[in-house]
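These notes concern the structure reproduced below.
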Amino acid sequence: MDETRHQYIPALRFGWLTRLYDPVIRWTMREDLFKPRLVEQVGMQPGHRVLDLGCGTATLTILLKQHQPQSTIVGLDGDPVVLARAREKAAEAGVDISFDEGMAYQLPYPDRSFDRVVASLLLHHLTLDNKRRALRETFRVLKPGGQLHIVDFGRPHTFLMACASLIVRWLEEAYEHVKGMVPGLIREAGFTHVEETGRYTTGFGTLVLTRSVKPERGAGGIERRNGTS
Ligand SMILES: C[S@@+](CC[C@H](N)C(=O)[O-])C[C@H]1O[C@@H](n2cnc3c(N)ncnc32)[C@H](O)[C@@H]1O
């Protein structure tokens, strides 16, 4: 078996919990609030190609397609079980979405092939090294001027959120998140205009929404990789 198949953390940490993912996220993470907000923020135009990285059961992927039916939406996830549920949900919703099995840190797409990349609750599943690789891969597959929209755990903004974040910090790869290091990692991959656009109190800690931009080509024909936020 391909060894990369094992290199992901399933949606709820343990594969046998995947079938409970949708209700758990709905009840604990204020999904009804932050996913529609993320969809608005993505700013899709007709003809855009959008990648939902770590799409899980495709709740967000479907919202994206419904919001802009004239876009092409691709959902990628490392877990074939969760992808089967994603395909079922897309069929039930009557939307046309492509789903690919693959690793966020080794994307099966050519350079500059997407206008937008979204990553909802994915990064805290990746080791620090794989977060860096996934962000570099995202930079590669975005067109110049394309945008990356991330929602994931961030530095807890209250004592209660610091306590709530202990579970994901213990079970998953959330250390850099609770230390507030994610914006720095995004910049390190070459993105500019990295800005926090929203913050949510949830059952597992503070969720932070960010928007980042892949720079247009510089005057010398070289993409500027170091910008300000
Ligand atoms: C917490 S779920 C988030 C799902 C969805 N984006 C959402 O917001 O509900 C994280 C997803 O990332 C996927 N994942 C984890 N590591 C991955 C990797 N290295 N490559 C691709 N997908 C990965 C998991 O299989 C899971 O479906």
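The values are calculated or read from the model by the stated rules, or taken from the named source; none is laboratory data. Because the structure is a prediction, the values reported are computed rather than measured. With ideal geometry, Cβ positions are generated from the backbone for all residues, glycine too; neighbour counts draw on all protein chains shown.
Summary table
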read-out: When residues of the range 26-39 are limited to those that are out of contact with any Ser or Thr (no Cβ under 9 Å at 6 or more places or on another chain) and over 22 Å from residue 141 (Cα atoms), the one modelled with the lowest pLDDT; value: 27
read-out: In the range 194-217, the residues that are in a strand (DSSP E or B) and either in contact with a Gly (Cβ under 6 Å, 6 or more places away or on another chain) or surrounded by 18 or more Cβ atoms within 10 Å (Cβ to Cβ) (or both); value: 194, 200, 202, 205, 206, 207, 208, 209, 210, 211, 212, 213
read-out: Filter result for the condition that a residue is within 13 Å of the ligand (Cβ to nearest atom), at pLDDT below 95, of a type outside the set (Lys, Arg) and touching a helix residue (DSSP H, G or I) at 6+ places or on another chain (Cβ under 9 Å), over 74, 81; value: 81
read-out: Condition check for residue 47: touching a Leu at 6+ places or on another chain (Cβ under 8 Å), modelled with pLDDT of 95 or more and not basic (Lys, Arg); value: no
read-out: Some residue of the range 25-38 being within 11 Å of the ligand (Cβ to nearest atom), touching a Cys at 6+ places or on another chain (Cβ under 9 Å) and within 17 Å of residue 150 (Cα to Cα); value: no
read-out: Residue ranges of helices (runs of 4 or more DSSP H) in the range 105-193 with at least 3 members within 15 Å of the chain's Cα centre (by Cα) and within 16 Å of the ligand (Cβ to nearest atom); value: 128-141
read-out: Any hit, the range 114-123, residues being surrounded by fewer than 21 Cβ atoms within 10 Å (Cβ to Cβ) and modelled with pLDDT of 95 or more; value: no
